[in-house]
Amino acid sequence: MRLALRETLIAFRRTPLLSTLSITTIAFSLFAFGLFGLVALNIRTAIADVESRVEIRAFIVDGAAVEAVAAAMGDIGAFPEVGEVNYVTPEMALEKARIELGEFEDVFEEGVLPGSIEVRLRPGSRDPETVREVAGRIAGYEFIDDVRFGEEWVEKLYRVRTVASVVGLALGTAFATVAVIIIAATIRMAVLARSREIAIMRLVGATDGFIRLPFLLEGLVKGILGGLAALLLTWIAASMVDRYFIETIFFDSTLALVGIACGALIGLVGSAVSVGRHLRAI
Amino acid sequence: MIRYFNVTKEYARSGIALKDVSLRVAKGEFVFLTGPSGSGKSTMLKLAYLAELPTEGEVQVSGVSTTEIRRGDIARLRRKLGIVFQDFRLLEDRTAEANIAFALEVTGAPRASIQPKVSRLLAQVGLASKGSSYPRELSGGEQQRVAIARALVNDPFVLIADEPTGNLDERATRGVYQLLRDINASGTAVVMATHNLELIRRADYRTIELDRGSVVFDSADASLPRREAR
């Protein structure tokens, strides 16, 4: 291992330009992927934020028994899809409407709005079908006058989310594939640049494993350095967007580590494949 | 030691390089391998250090047969062979010492044993004061001496030399040749491919001549017509 580390350092020292080129290529490939990831993450967060506003509002008939409403709220709160149930009194509804309508606050008179039960659903239960199904169940209570949940809006939101997921997956796969191909080609160049050395190593009796190890270490180190550089570039890009254009969320530490690990893995696998192919060919 | 049994080697692109060759190189022997370019000399040597495997027939090196050898065994077997080329094949960015040490390091030799052995070998090839020189700072003859020292580092039973004097002037050729003779005198077999008929004529070593992939003359084989090496 000590010898392999030394050989790795020698390789970096001997071909500084090629090593820098490899790291830069890895960095920019992962940067492109990172930018895409950042856009995907922000779209996802925005959609999740909008989604969390999906709610069912069940209007209660005038004069409904308070005990019946309270019992029903207990039942509804126990539905597996339901996250939160609140009772909105006619006064609270009026207050809210006046706030939302601002200058037209005078149009409402006392007692014009009915009381209601406001139901928020758990994440994962906000698709149109589930919302419709839960709304139907709530409508079943006899003291419920009407149930609203912005059906059209929920459906549109769900469609946007599905399209974003599919496009995100396709683009993500494409970006990752391009990154892997470019990185593998760069590593292959590094291996070919040292083919003479590999041939000499074999002549003096080095085993394939011995020859491979410094290349794997080199690929790993290049991958980690490239990953770190990509993370830095992505962070700079995100900071600029955040400062000059729109509020942007950056990767959390787990996602950042996953990114660097991806770089390391691509470097390692790229090297293993390139040097393996080369060893089989000679 | 090295035995060829009815060996035929055919390359996909260039066709047949060796045709039904059978011969044996004995322990401690010095053998010249000669013949025109393309006659199969290098292929014979490549088969001996297992850079190639025969298309037909069998080669045995130190009792290991090409019919049953695995890829992993080849590296270990090569440590028992010393290989020298016309173009030296030294690592340009390492000193003479480091080039020789490298061949020991890949075998996992203990660190403490490497430096004394390298110094001894440098002295043996007459380059005791050039250990810290890089190949580009050495003459052709000196580079070949470093390559020979590297080849000897694992105490091989045979030194396989493919045109080792092909790139050298007459003076360097004599020096390298003498070094190979000394190595042979100490018990290591030497198989040397060469075009240099002067060297062959000057010594009374076994000479094998190849032509278009066949052995046309072997001074040790009474069944083949005896003649002067051409």
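So here's what we get for this one:
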| item | result |
| --- | --- |
| Sites A:Val50 and A:Ala185, calculated FRET efficiency, Cβ-Cβ separation with R0 41 Å, nearest 0.05 | 0.50 |
| Amide N of the stretch A:174-209 lying under 18 Å from the label point, which is placed 7 angstrom from the Cα of A:Leu18 along Cα→Cβ | A:182-203 |
| Modelled FRET efficiency - R0 51 Å, B:Ser37 with A:Val163, Cβ distances, 0.05 increments | 0.15 |
| Exercise: per-residue mean of other protein chain Cβ atoms within 10 Å, A:197-203 | 6 |
| Helix axis angle, A:16-51 relative to chain A longest principal axis, alpha carbon, degrees | 10 |
| Selected from B:Val176, B:Val106, B:Val146 as most flexible by GNM, with chain B as the system and alpha-carbon contacts under 10 Å | B:Val106 |
| Gained length - A:Val258 relative to A:Val112, 0.36 nm times residue gap less alpha-carbon distance | 47.0 nm |
| 3J(HN,Hα) from dihedral phi, the stretch B:104-114, Karplus parametrisation 6.51/-1.76/1.60, rounded to Hz, x for glycine, proline | 7, 4, 5, 8, x, 5, x, 4, 5, 7, 6 |
| Cβ-derived FRET efficiency at R0 41 Å, A:Ser239 paired with A:Leu101, nearest 0.05 | 0.55 |
| Per-residue Cβ neighbour rank within 10 angstrom, fewest leading, B:Lys80, A:Lys96 | A:Lys96, B:Lys80 |
| Karplus 3J(HN,Hα) series, Hz, for the stretch B:44-52 with 6.51 cos²θ - 1.76 cosθ + 1.60 (x for Gly, Pro) | 4, 5, 4, 5, 6, 9, 6, 7, 9 |
| Relative contact order (%) - criterion: Cα under 8 Å, at least six apart; region: chain B | 28 |
| Distance between modelled label sites at A:Leu265 and B:Lys27, nm, 7 Å Cα→Cβ extension | 5.5 |
| Among A:Val163, A:Val180, A:Val221, residue whose mean-square fluctuation peaks in a GNM of chain A (springs only between Cα atoms under 10 Å) | A:Val163 |
| Sparsely packed GluC sites (Glu not before Pro) within the stretch B:1-99, loop by DSSP, other Cβ within 10 Å at most 16 | B:Glu68, B:Glu92 |
| Nearby lysines by direct alpha-carbon distance to B:Lys9 (threshold 29 angstrom, same-chain neighbours under 8 apart not counted) | B:Lys19, B:Lys27, B:Lys41, B:Lys46, B:Lys80 |
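A short reminder: the numbers here are calculations on the coordinates, not readings from a lab. It should be emphasised that the depicted structure is a prediction, and the values quoted were computed from it without experimental measurement. All Cβ positions, glycine included, derive from the backbone under ideal geometry; neighbour counts span all protein chains shown.
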